[in-house]
Every structure is written in C-alpha cells, then in structure tokens.
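Engineer: Have a look at this one.
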Amino acid sequence: MAIKYTYQGLLIYLTIAAYLFAFVARIAGKKKAAQILYLAGFIVATASFGYRWYNVHHVPFQNLFEVFLTMAMVIYPLSIFCRRFLPVGGETIDMLIGAIILVPAGFVFHAEPQRLPPALQCWLFTPHVAVYLLAYVIMAKAMVQAVCQLKTNGRSTDNSLISYEEGTYKMICLGFPLLTLGLIMGSWWGKLAWGDYWGWDPKESWSLASWLVYVEYFHVRYMFGKKYPQLGSYLAILGAVVIVITLLWVNLSRLFTGLHSYAT
Amino acid sequence: MSKVARSIMWLALAAIGILAFLSVLGAFYGAEKAKALFNSIALQFYFSGFFILIVIGFMRFRSLLRRSGVFLIHAGCLLTLAGAMWSSESGHRLAFRLLGSYKIPEGYMVIEEGFAENRLFAKDFTRPLSELPFSIKLKDFRIEYYQPDKPSTPLLNIITADEQQLQIPAEAGQTVSLGQGKNEITVVRTFRNLKIRMLDGKRVVTDEEGTGINPAVQVEIKQPDGSKYMRYVFELFPDFEQGDDALQLSYVSHEPQVIRDFLSEVALTKNGKEVINKVIEVNHPLHYGGYHFYQHSYDAEGGKYTVLLVTSDSGLYCVYAGYWMLCLGVIWHFWLRHIVSRLKQKEKNKM
C-alpha cells in the first residue's frame with residue numbers, strides 16, 4: 001500500500017471521497033446531496049481518465065491501474081441508464097462499488113506510464129478492453145441484484161423498480177452481448193498477433209469459463225423459468241466470482257503465467 | 001416441456017458445465033498442457049457430442065429455428081465448433097485422409113537476412129516438418145524503438161558502506177556529500193567511449209571517436225582528511241571495482257530503449273517469380289497459399305535473422321463465420337429486438 005503523491009493520485013482520492021460521501025448521504029436519506037456528490041465523483045473520475053490518457057499517449061486500458069480507473073468512471077452513467085431504461089436500481093451500492101474499485105488504483109497498483117508493446121498496437125485494443133470492462137461492471141451490478149434476491153426473497157422495496165430476479169436477468173441480458181463481443185474480439189486479435197485464435201492461455205480459459213457460467217444461467221432460466229430464482233442468483237454470483245478471478249487473480253498470481261502478463 | 005426436451009436440456013446443462021470446468025482446469029494446467037488436453041481423443045469425442053447435441057436441439061426445439069436471434073447464436077456456436085475441430089491437428093489428419101491434401105497445422109521458419117527459405121520446422125527448430133511449394137526471402141529485418149519523451153539524464157548511483165542509496169546526474173561538476181565527516185563525491189568527466197592508452201610510459205585516458213562504445217564516468221572522491229583520489233565507473237562493467245573505499249558506484253548513460261515494433265521485410269517467390277512483397281510485423285501477418293506467416297521472434301543479438309510462425313488457415317473462416325453469427329445473434333436477441341419492439345409499441349400508442 002502506497003499513497004500516490006501525484007495529480008493522478010489526487011484525482012483518484014477525490015473521486016473515492018465523492019463516491020463515499022454520496023453513499024453515506026444516500027444511506028442518511030439525503031437523496032439530492034447524494035446525487036450531486038455522485039455526479040461530482042463522476043466528473044472527477046472523467047478528469048482522472050482524461051489526465052491519464054494525456055500522460056500515456058494512448059487510451060488508458062493497458063494495465064489493471066488504468067482499467068480500474070475507467071471502471072470507476074463508467075459506473076455513474078451505467079447507474080443512470082439502468083434506473084431509467086431497465087428499470088433496475090442499486091445506485092447506492094454502485095456508489096460504494098465505485099469507491100472500492102478505486103482503492104487498488106489509488107493505493108496498490110503502480111501508475112508509471114508504460115509504452116504499448118507491439119502486440120497491443122492493434123485497432124482491436126480499445127474495443128476489446130472497453131467492452132470487457134463495461135461487461136464486468138454490468139455483471140457486478142447483476143451480482144448485487146442476485147444477492148438482494150437471495151436476501152430479501154425477491155421483491156424490491158422501491159415500487160418503481162422491477163423485482164430482483166428480473167433485475168438480475170436484465171443486467172445479465174445487458175452484459176452478456178458485451179462479454180461475447182469481448183471474447184470474440186480477443187480471439188480475433190489473438191489470431192492477428194499470436195497466430196492462434198484460441199491458445200488456451202489462462203486468461204482466455206478463465207474468460208471462456210465466465211462466459212459459460214452465464215450461458216448456463218440462460219439455459220437454467222429457460223428450463224425452469226422463475227421456479228427456482230435462487231439457482232439463477234447463485235449462478236449470477238458465481239459468474240461475477242469467475243470474472244474477478246479472470247480480471248485479478250490471473251494477472252496478479254504467479255500461478256497463471258501467460259500471454260496476458262503485460263496487463264498486470 | 002416434454003420428457004425428451006427436458007432430457008436434452010439436462011444434457012445441454014451438463015455439457016456447458018463440463019466445458020466450464022475443463023476451462024478452469026486448463027487455466028491451472030497452463031497453455032501448453034491445456035492445448036494437449038483439449039486436442040486429446042477424449043475431448044474430440046466430447047466436442048463431437050456437443051456438436052451433435054446442438055443439432056438435436058435444432059430438430060427438437062422449433063423455437064431455435066423460429067427466433068432469429070436464438071437461431072444465430074446456436075448456429076454460430078455450431079460453426080465455431082465445426083471450424084475448431086477442422087483446424088485442430090486431428091482435423092488436419094482427417095482432411096488428409098478424406099481429401100488427400102495435407103497441410104502442416106503449425107510450423108516455424110528461420111530466415112537469415114538476404115536468404116530465402118521454404119522449410120518448416122517444429123517448435124524446437126531442429127526437427128524439419130515439411131517444405132512449402134514457395135519460398136520466402138528476408139530482405140531486411142529491423143527493430144523500431146520509441147522516441148523518449150525527454151532526453152534521458154545520465155545517472156551515477158551510489159551505495160555507501162552503511163547501505164545509504166544516492167543518485168546524482170552524471171554531469172561534470174555535480175557533487176554530493178555522503179554526510180558529516182564522510183566522503184564527498186564529484187563528477188569530473190563522462191565518456192562515451194573510454195579508452196586507456198600508454199603514452200611515454202604513462203596511462204592516458206581518452207574519449208575516442210568511432211563506432212565502439214564504452215560509457216564511463218570519472219569521479220573524484222574527497223575523504224574527510226582532505227585527501228582526494230579518482231575512480232572510473234563503467235556502465236558495461238558494473239563489477240569493475242577500484243580501491244577499497246566500500247563505495248558501490250554504478251553508471252547509467254541512458255534509459256533502456258523500449259521496442260515499438262519489429263519488422264521483417266520479405267519477398268515471396270513461387271516458380272522463380274516474386275509474387276508478394278510485404279512487411280510482416282506483429283498484428284500484420286502475411287497470408288498466402290493457405291498459410292498465415294507471423295512475426296514470431298528474431299535474432300536478439302545481431303538482428304541477422306527472423307523467426308516466422310506459420311499456421312494453416314484450414315477451418316479458420318468457418319470459425320470466423322461462427323463468430324459473426326454469434327455476435328449478430330446476441331446483439332439482436334438481447335438488445336435490438338427489445339428496442340425495435342419498444343419503438344413499434346410507441347408508434348402504436350401514438351396512433
């Protein structure tokens with residue numbers, strides 16, 4: 001753990017503070033203040049993302065530090081989108097997730113700018129990482145809905161929102177195409193860069209496993225309908241756990257050495 | 001749901017679950033072992049079974065045919081599986097038995113600058129696999145580096161006897177004191193190519209012109225009693241020590257360069273005629289005669305040869321077709337059809 005005494009670090013800490021205060025305000029029932037703080041957090045997170053981009057001369061998607069920076073930025077528009085169009089809640093937890101996501105970026109991961117190695121200089125770099133990180137945030141929201149479903153036995157307390165089981169399903173429906181696009185773009189890129197569209201690299205294997213967990217979820221839901229909502233919730237949670245392993249454990253553990261080690 | 005349909009669904013759940021489990025197992029095995037596992041006979045049977053299961057699904061569940069998104073998703077998976085089996089080693093062997101044409105699934109070419117090559121080798125580069133009906137000549141191999149954002153400052157690193165670490169710019173006149181009652185170090189001169197010559201029986205240190213490099217820095221060490229002595233610190237010989245002052249000095253004349261790209265400029269020749277001229281680089285392979293040629297490795301010491309990875313394209317377009325169908329299917333089924341039906345509903349409500 002190390003504090004970053006840089007402008008980048010300052011922006012990260014300001015975002016964490018804004019998201020945390022938004023969360024506390026929301027818990028305390030100050031809805032308006034919470035919304036303003038959440039929006040302020042998003043603006044600072046966007047500034048932080050832009051600052052990083054300017055510093056490294058490429059879209060900041062290269063390593064875990066940059067990916068976490070971006071995920072903390074996309075959580076706000078995603079919260080708004082989900083409530084407005086799906087309608088799935090969970091903004092209060094989103095505020096907390098936004099702050100938690102930034103903790104490793106602020107205190108753990110190294111932030112030294114790195115040049116893009118030859119393999120990453122491909123037009124697929126940006127869309128491949130972008131769809132994946134968006135999918136991961138959406139699936140994290142799906143997991144929150146699934147946990148709420150298990151804890152409350154289904155019904156949301158907010159009448160303007162759909163049930164937690166429906167919420168889980170809608171979030172997975174939103175994230176699954178992105179997960180599929182990420183997997184396929186990665187495979188296509190693998191063919192261009194390394195000569196094989198599927199090399200069974202640990203990162204590839206884990207991302208296939210996470211995709212398959214959601215495929216299983218859809219088949220279970222098709223087979224049983226809403227008869228066993230808990231089963232679907234457990235699968236949604238399992239999917240999120242496998243995603244965390246794909247994103248973090250594979251890169252940080254020495255257990256899984258492979259072609260994706262530059263992302264550490 | 002009928003008993004048969006339910007059984008098919010149970011089989012599908014089991015097949016997906018097993019594949020997820022095997023993927024995780026493969027991640028623990030590592031890429032090489034996982035590749036061997038998924039190319040094994042048992043897994044070939046498993047994938048064939050999976051393929052048949054999807055076909056049965058199409059026959060039993062009419063909704064798979066009626067709903068375009070779900071159809072595209074499942075047909076995409078079917079094509080991807082078929083392409084993957086075709087492009088596997090067993091698939092290549094089967095194609096040879098059925099069609100009589102054999103392609104090497106994967107091999108390597110080592111080509112020296114100015115020479116042509118058509119032999120493919122196994123990964124150990126000793127076992128020849130086959131010869132291609134055309135040859136590839138390496139016209140030029142080069143490595144490109146990133147331009148540094150700012151000129152790097154040469155640095156002198158100092159580690160004292162009590163493990164104190166210091167760093168100063170290696171520029172003439174720069175001085176650092178190691179503390180009260182301790183030595184003082186001053187940079188006297190830096191050299192790009194330090195040479196020692198004997199002139200009239202005396203040692204003379206010069207910075208010679210020419211292509212050779214021997215970056216070094218001359219430092220003066222002033223002791224607490226006022227006496228001084230000189231030391232030379234060589235970048236390329238960090239273990240070269242002089243004196244017994246217990247000071248560890250090292251010199252870095254510039255930051256290491258970061259590789260931006262490596263490129264092989266090649267000419268493909270068939271029947272004595274040049275067919276293609278191309279620069280092969282990472283993410284930009286050459287495709288010809290049913291094979292892809294990738295920039296894989298190079299001579300790191302002299303840059304005199306390049307190593308190309310050669311892979312067969314059998315089954316690849318089947319996999320790509322499957323990918324397209326899968327992508328279109330998920331986007332239509334999970335996103336677009338809902339948006340379209342919502343828009344239609346809106347139109348209806350307006351009327």
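The values are calculated or read from the model by the stated rules, or taken from the named source; none is laboratory data. Worth saying up front: this structure is predicted, and the values here are computed from it rather than measured. Positions of Cβ are backbone-derived with ideal geometry, glycine not excepted, and every protein chain shown enters the neighbour counts.
To keep it simple, each residue is scored yes or no on (1) surrounded by 17 or more Cβ atoms within 10 Å (Cβ to Cβ); (2) β-branched (V, I, T).
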residue: B:S152; (1), (2): no, no
residue: B:Q174; (1), (2): no, no
residue: B:E184; (1), (2): no, no
residue: B:T190; (1), (2): yes, yes
residue: B:K195; (1), (2): no, no
residue: B:V205; (1), (2): no, yes
residue: B:E208; (1), (2): no, no
residue: B:P215; (1), (2): yes, no
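Matching residues to (1) touching a helix residue (DSSP H, G or I) at 6+ places or on another chain (Cβ under 7 Å); (2) more than 9 Å from every other protein chain (Cβ to nearest Cβ); (3) of a type in the set (V, I, T):
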residue	(1), (2), (3)
B:G302	no, yes, no
B:V307	no, yes, yes
B:Y317	no, yes, no
B:A321	yes, yes, no
B:V330	yes, no, yes
B:L336	no, yes, no
B:V340	no, yes, yes
B:L343	no, yes, no
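Engineer: Looking for something touching a residue at least 24 places away in the same chain (Cβ under 8 Å) and facing another protein chain (nearest Cβ under 9 Å) - is there at least one such residue anywhere in the range A:213-226?
Structural biologist: Within the range A:213-226 (the criterion being touching a residue at least 24 places away in the same chain (Cβ under 8 Å) and facing another protein chain (nearest Cβ under 9 Å)), the answer is yes, since at least one residue qualifies.
Engineer: Let me ask another. Hey, B:E171 hits all of (1) touching a residue at least 12 places away in the same chain (Cβ under 8 Å); (2) farther than 30 Å from A:V56 by Cβ; (3) among the charged types (D, E, K, R); (4) outside any strand (DSSP E or B) but one; which does it fall short on?
Structural biologist: It fails just one condition, (2).
Engineer: Residues in the range B:13-28: is at least one facing chain A (nearest Cβ under 7 Å), surrounded by fewer than 19 Cβ atoms within 10 Å (Cβ to Cβ) and of a type in the set (G, A, S)?
Structural biologist: Yes, the conditions are met somewhere in the range B:13-28.
Engineer: Moving on to the next point. Conditions: (1) within 13 Å of chain B (Cβ to nearest Cβ); (2) charged (D, E, K, R); (3) crowded, with 22+ Cβ neighbours inside 10 Å. A:D94 meets all but one. Number of the miss?
Structural biologist: Result: A:D94 passes all but (1).
Engineer: Please identify the pairs in which a residue from the range A:70-90 that is surrounded by fewer than 22 Cβ atoms within 10 Å (Cβ to Cβ) has its Cβ atom under 7 Å from the Cβ atom of a residue that is of a type in the set (D, E) and modelled with pLDDT of 90 or more, counting only partners at least 6 apart or on another chain.
Structural biologist: A:R83/A:E91
Engineer: At least 1 residues that are closer than 20 Å to B:E112 by Cα and in contact with a strand residue (DSSP E or B) (Cβ under 6 Å, 6 or more places away or on another chain) in each: list the strands (runs of 3 or more DSSP E) lying fully within the range B:219-324 that qualify.
Structural biologist: B:259-270, B:273-281, B:286-288, B:291-298, B:305-312
Engineer: Are any of the residues in the range A:163-170 away from chain B (no Cβ under 11 Å), part of a loop (DSSP other than H, G, I, E, B) and either modelled with pLDDT of 90 or more or over 17 Å from the mean Cα position of the chain (by Cα) (or both)?
Structural biologist: Checked against the condition, which is being away from chain B (no Cβ under 11 Å), part of a loop (DSSP other than H, G, I, E, B) and either modelled with pLDDT of 90 or more or over 17 Å from the mean Cα position of the chain (by Cα) (or both), the range A:163-170 yields at least one hit.
Engineer: Which of the residues that make up the range A:136-162 are surrounded by 19 or more Cβ atoms within 10 Å (Cβ to Cβ) and polar (S, T, N, Q)?
Structural biologist: A:Q145, A:Q149, A:S156
Engineer: Among the residues of the range A:124-158, write down those that are within 14 Å of chain B (Cβ to nearest Cβ) and not polar (S, T, N, Q).
Structural biologist: Once the filter is applied, which keeps residues that are within 14 Å of chain B (Cβ to nearest Cβ) and not polar (S, T, N, Q), the range A:124-158 yields A:L124, A:F125, A:P127, A:H128, A:V131, A:L134, A:A135, A:I138, A:M139, A:A142.
Engineer: In the set B:Y108, B:Y102, which member is over 23 Å from A:G239 (Cβ atoms), more than 9 Å from chain A (Cβ to nearest Cβ), surrounded by fewer than 18 Cβ atoms within 10 Å (Cβ to Cβ) and touching a strand residue (DSSP E or B) at 6+ places or on another chain (Cβ under 9 Å)?
Structural biologist: Just a single option satisfies the conditions, and that option is B:Y102.
Engineer: Let me ask something else about it. Please count how many residues of the range B:134-168 are over 23 Å from B:K304 (Cα atoms) and touching a residue at least 40 places away in the same chain (Cβ under 8 Å).
Structural biologist: Residues flagged as over 23 Å from B:K304 (Cα atoms) and touching a residue at least 40 places away in the same chain (Cβ under 8 Å) within the range B:134-168 amount to 10.
Engineer: Is there any pair with a first residue in the range A:109-123 that is within 8 Å of chain B (Cβ to nearest Cβ) and a second that is in a helix (DSSP H, G or I) and at pLDDT below 90 whose Cβ atoms are under 7 Å apart and which are 6 or more apart or on different chains, and what are they?
Structural biologist: Matching pairs, first to second residue: A:P117/A:Y262.
For (1) part of a loop (DSSP other than H, G, I, E, B); (2) surrounded by 21 or more Cβ atoms within 10 Å (Cβ to Cβ), each residue gets a yes or a no:
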site: A:A17; (1), (2): no, no
site: A:A25; (1), (2): no, no
site: A:Q35; (1), (2): no, no
site: A:V59; (1), (2): yes, no
site: A:F65; (1), (2): no, yes
